[in-house]
Each structure stands twice: as structure tokens, then as C-alpha cells.
Amino acid sequence: MALKFWNRPPLQYLPEEIWKDGKEILEALLRLSEEPDHSPGTFVTIHGISSVDSTTPAMRHVYRDLFSLSGTSELSMIDYNVKETRQLDSADLIESLSQDRHHTQDDRVHLYGALAIPATRQGILSASMFLGPYSQTDNNSFLMVKSGELAWDSGVVPAGGVTDVHTDLYGAPSWIQHIEGLKLWLLWPSTKKNRESFFGQPKEVPMCIETAFKTLEGLQVLRVGPKQMAFKLPPQCLHAVITLATSAHAGIPVVSFEDFELASQIMAYTLEKSHGFKQAQYSAHWDNYYTNFLDTVEENDLSLWEGLIKRNPGHALVGPIKKWIATTRSEVEKCKQVSAYEQKKQPTAQGRSRSKRQKKSK
Ligand SMILES: [Fe+2]
């Protein structure tokens with residue numbers, strides 16, 4: 001289905017490089033599904049949204065949030081031609097999102113998208129966001145503690161946008177609501193093998209999708225849209241996204257007891273890697289990545305878990321989670337001390353920028 005979609009208007013009028021790249025990925029995906037030993041994963045479940053009415057979030061809510069920002073410097077704008085974050089103004093973005101109107105292949109066209117657009121009460125929060133099993137009435141789940149519903153953010157991606165393999169929020173699980181458009185989400189679980197393939201060695205460039213087909217296990221393909229729907233990205237879920245029609249989505253971090261075992265395995269692995277990479281001083285890029293990771297773990301992830309156990313004091317996992325939080329805090333501090341020590345020894349690593357949260361790139 002997706003390949004047919006790619007080969008006809010408006011996607012066939014994408015700039016040639018982007019069109020060829022997407023076509024090759026979709027052909028590789030098709031070949032993969034024909035391989036007898038390829039068993040598709042089923043670790044993510046789609047939740048349908050049955051009633052769509054005037055309170056349902058729509059593209060106009062996302063645009064309202066986008067234009068509520070005082071400046072585009074607050075935004076993570078992606079240039080899909082080169083798959084890099086860029087400083088752009090709103091006019092560039094709007095022109096790009098209207099590219100469906102092009103009727104000839106024009107390599108000068110750039111596809112831009114905006115990600116991690118903060119939610120406002122005039123924008124998506126004025127609509128009824130669908131939290132499915134993560135509703136605050138469900139005591140087995142918990143949303144971002146510090147900012148509550150303001151922790152929602154959204155993104156808008158043009159038709160033809162292809163995002164390489166990555167994780168969001170340094171691996172914190174999140175709930176994704178698809179608002180408009182059509183996408184293929186390619187998902188890989190955080191297994192031991194996948195962690196080692198993806199995070200085992202520091203890399204400066206994201207893993208491309210065709211490499212992921214060869215090296216990662218347990219691929220699940222989700223066709224998301226055109227109807228509204230939602231799903232949860234499990235902890236450290238590796239994913240890549242192929243956008244078939246201009247799309248909007250929203251996301252918010254969530255945790256639940258079912259995540260604990262995997263989250264603790266991931267944390268142990270990442271802290272060990274972080275410690276090793278920091279000691280080895282691979283590069284400023286990775287030093288920055290792990291510094292942000294450690295800050296995020298302390299400020300956000302552990303607070304989420306604390307919120308969950310506070311809300312459910314009688315749950316059998318409260319004891320193990322409390323112990324894990326204490327151990328993790330102490331490990332994070334140790335890693336940070338390594339970083340501070342190495343910075344003293346290597347003054348060139350100082351003065352780097354420290355964004356508090358990794359930008360999402362769905
Ligand atoms: Fe993402």
C-alpha cells in the first residue's frame with residue numbers, strides 16, 4: 001500500500017533525492033515481509049478513537065500552538081532534505097507544508113517540519129486529548145509530574161518526511177496521539193541485542209532505516225491514520241517514521257508499573273555505557289548526549305516513578321521501585337562526577353550547550 005502511495009501524486013513530485021530514498025526504504029520493507037524467517041513484532045497496540053467531534057484535536061490546534069511561540073528559536077524545525085535541525089521562520093514552514101500543491105518534481109523544494117511544539121491552553125489543550133489507559137483516573141499510570149497536561153507537545157511533518165531510527169526523550173515511554181495525516185511507524189523493541197546494536201558504540205549519525213532492517217530485531221510496522229488513533233511507545237522504543245500525507249501528532253511522557261522491569265534494565269545499561277563513554281571522552285557530541293541524559297533522568301524520569309508509587313502506595317512493586325530510585329540517583333551522581341572530573345582535565349569539553357530535554361523527532 002505504502003509503495004503505491006509513494007509512486008503516485010503528490011509524493012511522486014517530491015524532490016528526487018527524497019523520493020528515491022523513500023522508495024528504496026519501502027521496497028526493502030516489502031522484501032523483508034516476504035522473508036520466511038521474518039516474524040513481525042506485536043509489542044505496541046493501537047487504541048482507536050471512536051468519537052470525533054468539535055472537541056477533538058485537529059491541525060488548527062497544532063497551528064495555534066505553533067504561532068503562540070514568540071520566536072522560532074524555541075522550536076525544533078527539521079529540514080527533511082538533509083535530516084537536520086535548522087533555524088527557520090514560520091513562512092518557510094508553511095510553504096513547505098503546502099508542498100502538496102506542486103505538480104512537477106522540483107529539487108529546490110525543501111520539506112520542513114516542526115517538532116516538540118509546546119502545548120498551550122489556546123491550542124491542543126483546548127481540545128480533548130485522548131489518554132486511553134493513561135487517564136489520571138487510572139491509578140496504574142502516571143503522567144509527567146512537574147507540568148501535568150502542559151507536558152503535551154505536538155509536531156507537524158510534511159508528506160514525504162522520513163525520520164531515521166531514534167528514541168524520544170532519552171527512552172522515557174510516551175503516549176502518542178495521531179491527529180491528522182498518514183504515517184508508517186517502524187518500531188523496534190528495546191531488547192538486549194537492539195540496545196547493543198544501537199547504543200553499543202557511539203555514532204555521530206543516526207542509524208538509517210535500511211541498516212536497522214539488517215541489524216535490529218522484532219520490527220513492528222504500524223500504519224497510523226488517516227483516522228485518529230493513539231498508542232504508547234514503550235521505554236526506549238527505537239523508531240523511524242515515514243510520513244505519507246502531511247501529518248500532525250501530539251505526545252506526552254507516561255509511566256506505568258508494567259514498564260518497570262524494562263525501564264530498570266535500560267537504565268542499568270545506559271548508566272554503564274554513559275560512565276564508560278564519559279571516561280573514554282569519545283566526543284563532545286556524546287559527552288553532551290549523556291550529560292543531557294543524566295539531567296533528564298534526575299529531573300524528569302525519576303520524578304515520574306516517584307509520582308506513580310506515591311499514587312499507588314499499596315502496589316507490590318512500590319518497595320523495589322523505591323530501592324531502584326535511590327540506587328539510580330546515586331549512580332547518576334557518580335556518572336556526573338566523572339563528567340565534572342573529566343571536564344577539569346579536558347577544558348575543551350566545557351562550555352557546551354545543555355538543552356534540558358532531547359528534542360523529539362517523530
Ligand atoms: Fe520520535
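Since every read-out is calculated from the coordinates, none of them should be taken as a lab result. Not measured: the values here are computed from a predicted model. Here the Cβ is made from the backbone with ideal geometry for all residues, glycine too, and neighbour counts use every protein chain on show.
Bridging of LYS23 to aspartates and glutamates at a Cα separation below 14 Å is possible for GLU210, once same-chain residues fewer than 8 apart are set aside. In terms of packing, defined here as the mean over residues of other Cβ atoms within 10 angstrom, the peptides 83-90, 267-274 line up highest first as 267-274, 83-90. Over 31 Å between C-alpha atoms is what I'm after, so list which of LYS4/LYS193; LYS193/LYS336; LYS192/LYS232 land there. Violating the 31 Å Cα-Cα cut-off are LYS4/LYS193.
The local environment of HIS315, defined by Cβ-Cβ distances under 12 Å, has a net charge of +2 under the rule Lys, Arg +1 and Asp, Glu -1.
Of the peptides 210-218, 290-298, the order by per-residue mean of other Cβ atoms within 10 Å, starting with the highest, comes out as 290-298, 210-218.
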